[in-house]
Amino acid sequence: MEEGRACTWEGVFTHLERLEAQAHEAGRKQEEKEQQEEKLARLKERVEELRTQRDKLQAKVDLQQKGQTGRKGIIESGTTEPSAGAVLEWKIRRLQGMLQAFYLTGISAKLTKRGVCFSISTAYEGTYLDSYYLDLLIRPEVQIHHHSVPIFIPLEQITKRYLKTDIRRCLSVLSDHLNAYARRKYQADQLQEHFSDQLEGTLQRNSLCNLLVFNYKVPGEGKTFPFNARLIYRDLCCSLPTEAVVSCTEKAPESLQETAAAHSELFRHLALHKAFCSFSRAEEREDGAP
Amino acid sequence: MDETVAEYIRRTVLKIPRDEIKSMLQKWGFLSEAELQTINFHQIKDNISQEVVQLCEENSADIKQAAVLDIIYNHIYPNKRMWSVYQMKKTGEEPEIFDFQSFKKKFKRRLLSALENVTINFREYEDNAIWIRIAWGTPYTKPNQYKPSYVVYHSQTPYVFISASVLKSNMPLLCQALVIASSYHDIQEMELRSRSLNSLKDIVFKRYNQNFKTYCPRPPQERNAEPESADLRIIHENRSEKERIERVTWEIFGDGPQPQLEFAQYKLETMFKSDPKMEVLDKKEPFRCLVKFSSPHLLESLRSLAPAGLADAPLSPLLTCITQKARNNFKIKEKRGFFPGSFVSP
């Protein structure tokens, strides 16, 4: 006890020191424990997050697998599976190709709310010309709702005859008329565009392009336009004239008269711009031949 | 040269805007290029017209040649006149070979046999339009050159566009001459009038951009690619409603510019529908009133009504059928029988 009392003063301080150290230690341990608990909580949270993510992805994979069993033979091992977007694109491209194919046949159609809308496209030897539309109602009976056919095409006559009885024939006849008109117009336009130096002034024509009157010359013939051509297309479904009258002035020499007759024959069998092309080629041949 | 011809040429040149005078005289082709060079086109119009008259005197212009200048002026400025549309009807199905020369002959013959004092001029244009100018006189007076009628006819179509002079009494004769010359049977005035000749042609020849449901045209969603990322702070509350209105408007009016009309007139002869207790009209009589829509460009303004929020979409079919029915003058009567409401009489 003496020692104890003798060490009291030192003992108290040491005791206090020891207590302090203990408290410090305890505090540190407490802190550590709290930190660990915090960490644990955080990790638990993370685990939860990852679990939900995993579930979602799993669901996606399941869905894709189910979808894929519907389609046959698209997936190969080694390639990634095509996304739904890529498949949709492929489908769209295929449909567009089909529609383009239909458009190229000349007559295509689309169902509308109250009927059908037909589109007739015209073409001449690989060049696509205008398209015309015919919107039909089906009820109460087949009738035209509205259309974009030019006014000088005898639409009323054609539909009066065929529309209610035979739609196919009606469309076919209308397509013939429109195509023939487009081709006649194309020939006249080509003539004016490419051979204007062989024509005197402008070409005289009418709305249907079924009467063409012009004065022309063969290339290299000098400055006069000795020939007068009058082309009549009585058949509205045809793009070649039914009558072609080529005349010269009365004082013209015999050779010109013969040429006129030959041209008359030519115009009835060959498209207008091609006929003029052949004149140029004949001219070249004459020049080239020794 | 006659005094009247000189005065007429002078007045016609005064009508032309100064910058256009030279090109129009060139189109006329009556004065040579050399003579045109001598005119100073930078002075005031009075002096220009005096010089032109002087040159025409030297070349002894007559009234027919002066009339050609008038046609050229009206062809370039057709909007100064009010045009109405007439439709011709024919029976029979012979294919038409339209011959301009025989048309001219028949027309002139018919008019001249009825009325000696007329001045008739024809001019053909590239788009197959034939312009006819007729100045009318009476058996005792010379033709009045200042009030001519104009007729525009596209061959092989049943439509004629007439801008009549004030003297309406000559209309029957004119109509008859047209019918005979173009080998038709009958002619009737359509309920379509406007100052814009080209728009009238667009409507009856169906050259305007009609809306056809085919696979080729692009759908409206692709067209209106507005930059949506413009400002993310702006939220469009009624986006779906706005899109619906745009879609309905596009279905009715389509893409592209509309023909230009100045008015649409509806003459109502319908019964006044009111609360029976109000007894506004104790006699059941049709309430007559006239509703007229006017605008510098009626169809465009109708098209923009719904997107601007000023009207419901779709618009009333009475407004949207104008181009399709090719009329802007309607009479609305009460419909008795199957459908309630009003209907449009032919």
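The values are calculated or read from the model by the stated rules, or taken from the named source; none is laboratory data. This is a predicted model, so every value here is computed, not measured. All Cβ positions, glycine included, derive from the backbone under ideal geometry; neighbour counts span all protein chains shown. Heads up: the accessible areas ignore ligands, DNA and RNA and are worked out on the full protein's heavy atoms, side chains in. Shrake-Rupley method; radii C 1.70, N 1.55, O 1.52, S 1.80 Å.
So here's what we get for this one:
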{"item": "Search result, residues across the range A:242-261 that are open to solvent by 60 Å² or more (accessible area, probe 1.4 Å) and among the hydrophobic types (A, V, I, L, M, F, W, C)", "result": "A:VAL245, A:ALA261"}
{"item": "Of all residues in the range A:214-241 being open to solvent by less than 30 Å² (accessible area, probe 1.4 Å) and within 14 Å of chain B (Cβ to nearest Cβ), the one that is nearest to A:LEU155 (Cα to Cα)", "result": "A:LEU236"}
{"item": "Some residue of the range A:150-166 being away from chain B (no Cβ under 11 Å), at pLDDT below 85 and surrounded by 15 or more Cβ atoms within 10 Å (Cβ to Cβ)", "result": "yes"}
{"item": "Among residues of the range A:170-223, those that are outside any helix (DSSP H, G or I) and either within 27 Å of the chain's Cα centre (by Cα) or not small (Gly, Ala, Ser) (or both), counted", "result": "22"}
{"item": "In the range A:127-146, residue farthest from A:ILE158 (Cα to Cα) [restricted to those that are open to solvent by 30 Å² or more (accessible area, probe 1.4 Å) and within 13 Å of another protein chain (Cβ to nearest Cβ)]", "result": "A:TYR128"}
{"item": "Qualifying residue in the range B:122-129 (condition: buried (at least 16 other Cβ atoms within 10 Å of the Cβ), at pLDDT 90 or above and assigned to a loop (DSSP other than H, G, I, E, B))", "result": "no"}
{"item": "Subset of the range A:176-191 [away from every other protein chain (no Cβ under 13 Å) and crowded, with 19+ Cβ neighbours inside 10 Å]", "result": "A:LEU178, A:ASN179, A:ALA182, A:ARG183, A:TYR186, A:GLN187, A:LEU191"}
{"item": "Of all residues making up the range B:101-110, the number that are open to solvent by 20 Å² or more (accessible area, probe 1.4 Å) and within 14 Å of chain A (Cβ to nearest Cβ)", "result": "3"}
{"item": "Inter-residue pairs, beta-carbon under 9 Å, first open to solvent by less than 100 Å² (accessible area, probe 1.4 Å) and in the range A:49-66, second in a helix (DSSP H, G or I), 6+ apart", "result": "A:GLN64/A:ALA84"}
{"item": "Enumerated helices (runs of 4 or more DSSP H) restricted to the range B:1-91, each holding at least 3 residues that are among the charged types (D, E, K, R), at pLDDT 90 or above and open to solvent by less than 10 Å² (accessible area, probe 1.4 Å)", "result": "none"}
{"item": "Residues that are crowded, with 20+ Cβ neighbours inside 10 Å and in a loop (DSSP other than H, G, I, E, B), drawn from the range B:134-149", "result": "B:PRO143, B:GLN145, B:PRO148"}
{"item": "The range B:118-146 residues that are assigned by the TED database to the domain that holds B:LYS27 and closer than 19 Å to B:ALA177 by Cβ, paired with ones that are at pLDDT 90 or above and open to solvent by 20 Å² or more (accessible area, probe 1.4 Å) (beta carbon under 7 Å, 6 or more apart)", "result": "none"}
{"item": "Residue within the range B:126-137 that is within 20 Å of B:PHE205 (Cβ to Cβ) and more than 11 Å from every other protein chain (Cβ to nearest Cβ) present", "result": "yes"}
